[in-house]
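Working notes for the structure below.
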Amino acid sequence: MNSDVRAINELKILAIDMINRAKSGSPGIAMDMASVMYVLFSKVLNVYPNNPAFFNRDRVILSSSHIVSLYYAMLHMAGYNIKKEDLMNFKRCGSLTPGLPEFNMTPGVDASTGFAGDGVGLAVGMIMAKRYLSSLIKIDENRANVLTYNVFCFCSDADIFSGSAMEAFEFAILQKLEHLVFLYDYNHVVADGALDGFTPETLKKKYEAIGMYVEILKDMGNLREIAHTLMKAKDCGKPALIIFVNKYGADSFNAGENILHSGPLSFDDTENIRKKLNSFLPPFEVSKDSQIYVQNQIAERTEKKFAKWLEQYNKLKGRMSTGLSQIFNLLETGHTDIYFESSNYKINDGYRETLLETNSKIMNLFAAKTPFFLGGSAGLALASQTILGEVDFQTPKNTLVKNIRFGVHERLMANILNGMALSGLRVFGSTKLCYYGECSNGIRMSAFMNLPVTYIFTHDSLYDSLDGPARIPCEQLNALRSVPNLCVYRPADINEVMGCWEAILKNSKPSALILSKNSIPKLPGSNSKEVAKGAYIIKKEVKRLDGIIIATGSEVVSAMQIAYDLASTGRDLRVVSVPSVELFLSMGEDYRQAIIPPNVKTIAIEAGNSFVWNQFVTNSDYILGINDFAYSGIPIEVLQKMDYDYESLKLKVESLL
C-alpha cells in the first residue's frame with residue numbers, strides 16, 4: 001500500500017469514527033469524497049495550517065455540509081490546531097468540531113454553512129470580493145497581483161438542484177469569474193433513496209450550455225487524474241464544475257443505500273470497512289507516517305510559493321501609496337473602518353423629501369470617501385434609490401464600479417454579500433420590505449457569522465398600497481426584529497437616517513435599515529446622536545406627563561401631530577421615537593425607565609404587526625398596529641378602510657387616554 005492510499009484510508013476511518021461516536025453524520029459522503037479531499041489538500045490547495053487566516057490562502061466552502069466530518073479529519077491530518085480530543089467531541093456542545101462548519105470557531109473553516117445551495121452563492125461572493133480588491137490594488141499602475149487565491153466549494157445533490165445554486169452559477173458566468181471550482185459528489189442517493197432522472201453526461205451538457213467548464217471523473221482511485229483535473233479547473237478562466245461519480249459508500253455493506261446518508265454505521269460494518277481498507281489503528285488514531293507525509297507535501301508545495309509571493313508583496317509595500325496602505329490594512333486585519341459623523345451636517349428646517357432620497361444622499365456622502373463600501377440591489381436599485389455615484393454597474397470589464405446588479409434574486413444577493421463580507425468589505429443589499437422572506441436565509445447567516453452586511457428595505461408600509469396586499473409588508477418588520485444579533489433600524493426623518501448610518505458604520509454587525517418612500521420633513525426635536533440609544537424623547541411634555549406615544553418611522557410624524565393637536569384639549573403628551581428596538585433594549589434599565597416611565601399610560605403606533613410592543617405599552621389594547629393583510633387601492637382609501645388614517649389614529653389615542 002503506497003503512502004497516498006494509506007493516508008486516504010486512514011482519513012475515511014477517522015471520519016467514520018467521528019460519526020459513530022456522535023451517532024450522527026453522513027458516512028456515505030465521507031467514504032465517497034475522501035480521495036478528493038485528500039488530493040485537494042495534499043496536492044492542490046495553497047493553505048498554511050500554522051496561519052489558517054492568512055489572507056491569500058485558498059478558501060474551501062462546504063455548501064455540502066454533510067462532508068464536515070471528513071473535512072475536520074482532513075484538517076487534523078494536515079496539521080491544523082485540531083486535536084484528537086476535538087475529533088472525539090464531534091457535534092458536542094462547545095467543541096471545535098460542531099455538527100456543521102461554523103466561522104470563527106474552527107481553524108481552517110472559512111464560512112458557516114447555511115441551507116442547500118447557499119454556499120454556492122457565498123463562494124461566488126468571495127471571488128467577487130477578490131476581483132474587486134485586486135482591481136483596487138492595480139488602479140494606480142500595473143502592479144503585481146498579490147491576491148492569487150482560489151475558492152473551492154463542495155456540493156451535493158441538494159445544492160446542485162437548488163434554484164439558489166443555479167442563480168449563483170449563472171451570475172458567476174455573466175461576471176466571467178475565475179479561480180472558482182465546484183466539487184460535486186454525484187452518488188445518485190439522497191436521504192429518501194435513489195435519485196433518478198439524470199446522468200453525469202446530461203448534467204455536463206446542462207452546465208456547459210450555460211457557460212461553465214465541466215469535467216466528469218469516474219475513477220476515484222486515480223489520484224493523479226484528480227489532481228490534474230483540479231489544477232486545470234482552477235485555471236480554466238471560467239467557473240468550473242467537476243462531477244465526481246461515486247457509488248455511494250462503496251466500502252460499506254450498504255453501498256448505494258440511503259441508510260448511509262445519516263447516522264452511525266453498525267459495529268460489523270465498521271469492522272468490515274477496516275478490513276477492506278487494511279486499516280487497524282485504534283479509533284481516532286492516524287499513523288505518524290501519514291500525518292508527516294501529508295504535512296510535508298503541503299509544506300514543500302506552499303513554502304516556495306509563499307517565499308516568491310512575499311517578495312512581490314514586500315516590493316509592493318515598499319512603494320505604497322495612502323490608498324494601497326488602506327487596502328493592505330484591510331487584507332492583513334480582515335476589516336476596515338468607515339467613518340460618518342452625523343453632527344458634521346446641519347439640516348435646513350424646511351427640508352422635506354422621501355427617506356429613499358435622503359438615504360441615497362447620505363450613502364453617497366460616506367461611500368465617496370472609501371473604496372470599501374459597495375453593494376447592489378435585487379433588481380430594484382432605481383426604485384430603492386441605492387445607486388452609488390453614477391448609474392453604472394460592475395461588469396467583467398469594469399470591476400471597480402461599486403454597484404452590483406444581482407438581478408431579481410434576493411436570496412442570491414444575500415449569499416453573495418456574505419461572501420464579500422467574509423473578505424473584509426462593508427457591503428449592502430437593497431429591495432422592498434415585502435420581499436424580505438426571499439433573503440431571510442442569507443440574513444440569518446449574516447447574523448450567525450456576525451458579518452457587517454447592511455440590508456436596506458424600502459416601501460415599508462400601508463402607504464405603498466397600489467399593488468395590493470401581497471406587496472404591502474405587515475409581518476416582515478417584526479420578523480427581522482426576531483433574528484438574533486441583527487440590529488433593525490426604522491428612522492423617522494433625515495436626522496435619524498444619518499444617526500442610523502453612524503451607528504451602523506461604528507459597529508461590525510449585521511443591520512437592516514427600513515425606509516419609507518413617503519415625503520417626510522425634518523422633525524422638530526429629532527436627533528441623530530440619540531439613535532445610538534435606540535429610543536429618545538423627540539417631543540417632551542410641557543408641564544405634566546399625561547401619557548406617552550411611542551412610534552417608529554413615518555408614524556412618528558403622525559404621533560407628533562396627534563400630541564400637538566391633543567394639547568389643545570389639555571393633554572400634555574410625550575412622544576418617543578424608537579428607531580431601533582434592539583438598541584433601546586440594550587440600554588440600562590435606568591435609561592429605559594427615564595424614556596418610558598412605568599405607570600404612565602403608553603401607546604404604540606406602528607403600521608405593522610403589534611407583537612413587539614407589548615413589552616412597552618400599558619396593555620395590548622394600547623398598541624395601534626396592523627395585524628391583518630391590507631387592501632389594494634389608493635393609499636388614503638386603504639388607510640381609511642383600515643381605520644389607520646390620521647383622524648382615526650387621533651380618535652383612538654384620545655379614547656385610550
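Checking each residue in the stretch 286-301 for being surrounded by 14 or more Cβ atoms within 10 Å (Cβ to Cβ) and either of a type in the set (D, E, K, R) or over 18 Å from residue 76 (Cα atoms) (or both) picks out only 301. Kindly check whether there is at least one residue in the stretch 372-395 that is of a type in the set (Phe, Trp, Tyr) and touching a residue at least 24 places away in the same chain (Cβ under 8 Å). Yes, the stretch 372-395 contains a residue that is of a type in the set (Phe, Trp, Tyr) and touching a residue at least 24 places away in the same chain (Cβ under 8 Å).
Regarding residue 311, is this residue among the charged types (D, E, K, R), out of contact with any helix residue (DSSP H, G or I) (no Cβ under 8 Å at 6 or more places or on another chain), in contact (Cβ under 8 Å) with a residue 40 or more places away in the chain and closer than 18 Å to residue 54 by Cβ? No; evaluated as a whole, the condition is false for this residue.
Taking the criterion of being more than 20 Å from residue 616 (Cβ to Cβ) and either surrounded by fewer than 24 Cβ atoms within 10 Å (Cβ to Cβ) or modelled with pLDDT under 95 (or both), the residues of the stretch 528-545 that qualify are 529, 542, 543, 544.
The values are calculated or read from the model by the stated rules, or taken from the named source; none is laboratory data. This structure is a prediction, so every number in the text was calculated from the model and none was measured. Glycine also receives a Cβ, built like all others from the backbone with ideal geometry; neighbour counts cover every protein chain displayed.
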